[in-house]
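We did not get these values from a lab; they are worked out from the coordinates using the rules stated. In this text, all values refer to a predicted model and were calculated from it rather than measured experimentally. When we count neighbours, we look across all protein chains shown, and the Cβ atoms used for this are built from the backbone with ideal geometry, even at glycine.
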Amino acid sequence: MSAGVTSRPTGAATPVGSPAGRSVLEIAGLCVSVRGEDGEREVVSDLSLTLKRGETLCIAGESGSGKSMTALAIMQLLPQPAARISSGMIQLGEIDLATLNERQMQRIRGDRIAMIFQEPMTSLNPVLSIGRQLTESIEAHTNLSSAEARRRAIEALTAVRISEAESRLKQFPHELSGGMRQRVMIAMALALKPDVLIADEPTTALDVTVQGEVLELLRDLQREHGTSVILITHDMGVVAEMADRVIVMRHGRMVEEGKVADIFARPQADYTRELLAAVPRIGAGVGRRKSAEAERPGSVAVLNDLHVHFDLRGGFFGQVNRRVHAVEGVSFSIAPHETLALVGESGCGKSTTAKALAGLVPYQGDIVIGGRNLAGLGRDERKAVRRDVQMIFQDPYASLDPRMRVGDLVAEPLLIHGIASKQERRERVATLFERVGLSADQMELYPHEFSGGQRQRICIARALALRPKLIIADESVSALDVSVQARVLDLLKELQREFGIAYLFISHDMAVVENISDRVAVMYLGQIVEMGTRDQVFSNPRHPYTKRLIEAVPVPDPAKRRPRFARLDQEIPSSARKIGETPSKLVLQDLGNGHLVAVS
Amino acid sequence: MTNPIAPDLPATGRMPIKPRAGVWRRLVKRPLALLGLVIIAIVVAGALLAPWLTGYDPNEQMFDGLTLEGAPLPPDAKFWLGTDLLGRDLLTRILYGARTSLIIGIVANGVALLIGTLVGVAAGYYRGWIGSALMRFTDLMMAFPALLLAICLAAVLQPSLWIVAMAIALVNWVQTARVIYTETSSLSEREFIDAERTIGAGAPRILFRHILPHLLPTIIVWGTLGISTTVLLEATLSYLGIGVQPPTASWGNIIFENQTYFQAAPWLVFFPGAAILALALAFNLIGDALRDILDPTQRGRA
């Protein structure tokens, strides 16, 4: 079974893959170790790879697989002083990067190897204009005059299809959208025409439609310049879309290496097979009940014409001058046992809707939970009604108080609502722990002692403690590795079968949504543009925005690689408006069987 | 289940139950913290047992305490740490002065810390007009010279040790309040506070169970830093004649009384100065250790 693993080539003497093309970068026997409290630990072990000219090599793997450490080792940017290259060589042309000192390496970085990072906001300096940052990096590596450097910068920005490049030079990173910032990063990386571009999760922080564009841009630029790209990603869809060759890593070791078509069609290693099986795919939503909830007796929660506004203050006296229409007249209902997915891209108001339902932001309109309208209730009654609605947040690292034991955290909802004695509480928490797949002895531990998937299980146990009728899952699996994500989704489905809980499942990931939802509502700029059963929305999307969302998802199959992504002609407009200006309300039209689509 | 890939079980490798060993037991296991405890124990014992530790009266001006020219005596076998300008035994004065300085350092500083924390937490959690009002008041207090304020307070109220302690507390809380305010407002934006609200937690629970524990490190650091500040502020007030009234000894006023003779009789400044330094250091060492011990994320990391 694992023949593919053991036959992995080691050492520089063995050329990898077909001999076509000159190799630009060769890594042989690379080991990276990190010093921790309990001695040194190898995070990359005996990694060898060859990168040919003009090739895209994807390094795929889950968190902790050592893929990012490999990238940092190539750039000689390993976190100091804890991490170091313990052995191996990194050959760029004639130079072994592992032997260079910092000064020599500075000349290589940017000039011959460039890198782009996951989060373009944090990798750009917020207090310098993008023009300044671009020209600085050009001037550092060339003898160009500042006027010539500026011309190069404009060229680079035009190459990444930023309109009005010249005036953009004066802008600061916060004035650009996430996709724009990532394009600026790519412009910066490619301005000096490096031999190798390392892209570490370049699209993970971006919305799916923007991701498509950025990937296409990378592909085009690579064709034009013949740059070799090492693309590091956890997303097998992106791998299928981009890679020529793939390396699958796990626990710091290469598990499998091969051409992209072979990896997807005939994975050799067990791990690769499992990884591919865990990837959510659109069109694989099997085993869900047929949407028979059309009659929907006794909804768990009903939202009617919900509005949430945030005031923006500005001017000398801090008066309200603009208003963000985060949620603008959203209405839907959720039946028991049902999963309603709320999808859309960042800033569309899906999380704000969830927060209003959970009582975290003030709202206008009606929220009816279990037949009782929250608007007419006093504080204590509202608290009692809200018991039926619990929430699981996106980031399991941030949503648990790091200074409390997890057992106490799970028991806390019971304590707050005065349910059960101390002894009973302990027993109930122990049962909950076992129900979500943890062991009861782990109750005494603190959140940081768990992995991401385990923490999300703790959050689920906590949400379950009050036996709610509705659980809001706000991007609850987005931060997890695909294999963990698949198991957490399975757990959520099991719990729904067992307790009849309804879910409001908020996500930007269409493939995940397709796998878990009964009904889907698509949001855009604070309003619902399309709503219907899963089959209606996915097999027959009617609104152009829904269509684009579905098309933009990279398909984890290299055979279905799209020639071009639909180009976004403009930035998504902001939902902030001047006072007195209200967005026009979309009218939803029923196309039959409850398939609602906004008509313009 | 379908995908038993990397089992998402052991994150750290060890999962046994770790009962929280007593804070005290873990404190004394750290050599530096133990050193701090020993220093504080010595100072407290010295203050309490002063009458038995020394044969002199702290305020007695001895005839053999000065040279024939009237200069203070350097340390010798009779006066271990020498004598001061008026021929009083320095060791005795430092021992008795420890009483004053401990009360100032602990009580005044403790009250300042308490006020600062309450104001800071309230302003940081209840933003809106309550928070604005509290913070503007804090800014006002900050802008006002602390010394002037303390002088006013001490002058209006009859000077005594406790009044001085209160005056110091009333000017010293502002910095703490500022720092705590900033931390509280960023803490209350954290997601786990939102998570608490969704399970129905009210303000008292969120403040005491979820925000205060995170502020402990800051409070401890400010508390230990404040000890030397308050001891010295008391000395300044004594020097200006509104602190602890002479001839009552405090470490601060020993230094101020004798500072002009620093070159002729350096021991007069050196010994009380060293005492202040040792006390502040001791609290710092304990504070550092406490911060680590009380932070669960500092333990059991892989």
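Note the angle between two axes, namely the Cα long axis of helix A:482-499 and the longest principal axis of the Cα atoms of chain A, as a number of degrees from 0 to 90, rounded to the nearest 10.
The two axes meet at around 10 degrees.
Over every pair of different alpha-carbon atoms in region B:127-195, take the mean of 1/r and invert it; report that Kirkwood radius in Å.
Evaluated on region B:127-195, it is 13.8 Å.
When the helices in chain A are scored as -39500 (n - 2.57) per DSSP H run of 4 or longer and the sum is shared across all residues, what 222 nm value do you end up with, to the nearest 500 deg cm²/dmol?
Rounded to the nearest 500, the figure is -9500 deg cm²/dmol.
How far is helix A:208-225 tilted, in degrees, relative to the longest principal axis of the Cα atoms in chain A, given as a value from 0 to 90 rounded to the nearest 10?
Once rounded, the angle reads 10 degrees.
According to the square roots a ≥ b ≥ c of the eigenvalues of the Cα gyration tensor, what is the shape class of region A:335-424, taking rounded for a/c under 1.5, prolate for a/b larger than b/c otherwise, and oblate for the remainder?
Taking the square roots of the gyration eigenvalues as a ≥ b ≥ c, region A:335-424 is oblate.
Using mean Cβ contacts within 10 Å as the protection proxy, how do A:152-162, A:125-135 order, highest first?
A:152-162, A:125-135
Would you please put B:208-217, B:189-198 in order of how densely packed they are, using the mean number of other Cβ atoms within 10 angstrom per residue and starting with the highest?
Ranking, from highest mean packing down: B:189-198, B:208-217.
Could you name the lysines in cross-link range of A:LYS193, using Cα to Cα under 17 Å and dropping any fewer than eight places away on the same chain?
A:LYS52
If you take each beta carbon of peptide B:198-211 and count the beta carbons of other chains within 10 angstrom, what is the mean?
Mean inter-chain Cβ contacts per residue within 10 Å come to 5.
Net charge around B:LEU134, counting only other residues with Cβ within less than 14 Å of its Cβ (Lys, Arg = +1; Asp, Glu = -1)?
For residues surrounding B:LEU134, the net value is +2.
From a point 7 Å beyond the Cα of A:VAL320 in the direction of its Cβ, which residues of region A:575-600 have a backbone N at a distance under 19 Å?
Only A:575-584 fall inside the zone, counting backbone N under 19 Å.
In peptide A:394-401, how many Cβ atoms from other protein chains are near each Cβ within 10 Å, on average?
Per residue, the average neighbour count from other chains is 4.
How many nm separate the modelled label positions at B:ALA41 and A:ASP220, each set 7 Å beyond the Cα in the direction of the Cβ?
Taking the two extended label points, one gets 7.5 nm.
Using only Cα atoms, figure out Rg for region B:95-153 and give it as a multiple of 2.2 N^0.38 Å.
1.44
Quick one: Cα convex hull volume of chain B, Å³ per residue?
181
Is region A:308-366 best put as rounded, prolate or oblate by its Cα gyration tensor, with a ≥ b ≥ c the root eigenvalues, rounded for a/c under 1.5, and otherwise prolate when a/b is larger than b/c, oblate when not?
Prolate, because a/c is 1.5 or more and a/b exceeds b/c.
How are the alpha carbon pair distances in chain A distributed across 10 Å bins from zero to the largest one, expressed in percent?
Once binned at 10 Å, the Cα pair distances of chain A give 3, 15, 24, 25, 20, 11, 3, 0.
Which ordering of B:ILE276, A:ILE416, A:ILE186 is given by a fewest-first count of other beta-carbon atoms within 10 Å?
A:ILE416, B:ILE276, A:ILE186
What are the principal axis extents of the Cα atoms in region A:128-238, in Å, biggest first?
43, 30, 19
List A:GLU427, A:GLU257, A:GLU164 from most exposed to least, where exposure is judged by having the fewest other Cβ atoms within 10 Å.
The most exposed by this proxy come first: A:GLU164, A:GLU427, A:GLU257.
Report the Stokes-Einstein translational diffusion coefficient (µm² s⁻¹, integer) for region A:66-108, Rh taken as the Kirkwood radius over Cα pairs, at 37 °C with viscosity 0.692 mPa s.
Estimated diffusion coefficient is 305 µm²/s.
Taking 20 °C and 1.002 mPa s as the conditions, I'd like the Stokes-Einstein D for region A:181-226 in µm²/s, using the Kirkwood hydrodynamic radius from alpha carbon pairs.
195
Ignore the peptide's own chain and count Cβ atoms of other chains within 10 Å of each Cβ in A:439-452; give me the average, rounded.
Per residue, the number of nearby Cβ atoms from other chains is 5 on average.
Rank-order B:80-86, A:460-466 by packing density, defined as the average count of other C-beta atoms within 10 Å over each peptide's residues, highest first.
Ranked by mean Cβ neighbours within 10 Å, highest first: A:460-466, B:80-86.
Using every pair of alpha-carbon atoms in region B:145-279, split the distances into 5 Å bins beginning at 0 and state the percent of pairs per bin, rounded to integers.
Per 5 Å bin, starting at 0, the Cα pair percentages come out as 2, 9, 16, 14, 13, 11, 10, 8, 6, 5, 3, 2, 1, 0.
Counting residues in region B:33-187 as N, plug N into 2.2 N^0.38 Å and put the Cα Rg over that result.
1.43
Output the antiparallel fraction of DSSP beta bridges having both residues in the protein assembly as shown, as a percent to the nearest 5.
Around 65 percent antiparallel, to the nearest 5.
When each pair of different Cα atoms in region A:363-478 is counted once in the 1/r mean, what is the Kirkwood radius in angstroms, to one decimal?
15.0
Looking at this model, which pairs from A:LYS383/A:LYS422; A:LYS259/A:LYS493; A:LYS67/A:LYS493; A:LYS355/A:LYS560; A:LYS355/A:LYS547 are more than 29 angstrom apart at the alpha-carbon?
Going by Cα-Cα distance, A:LYS259/A:LYS493; A:LYS67/A:LYS493; A:LYS355/A:LYS560 fall outside the 29 Å limit.
Any chance you could give the angle, 0 to 90 degrees and rounded to 10, that helix B:109-125 forms with the longest Cα principal axis of chain B?
Helix B:109-125 sits roughly 30 degrees off the main axis of chain B.
Hey, can you grab everything whose amide H is under 5 Å from the amide H of A:VAL44? Only 5+ residues off in sequence or another chain; H modelled, so Pro and N-termini drop out.
A:VAL32
Is region A:423-547 rounded, prolate or oblate when judged by the Cα gyration tensor, a ≥ b ≥ c being the square roots of its eigenvalues, rounded requiring a/c under 1.5 and prolate requiring a/b larger than b/c?
prolate
Please rank B:SER185, A:SER451, fewest neighbouring Cβ atoms within 10 Å first, as an exposure proxy.
B:SER185, A:SER451
With every atom except the alpha carbons ignored, what do you get for Rg and Dmax of region A:191-275, in angstroms?
13.6, 41
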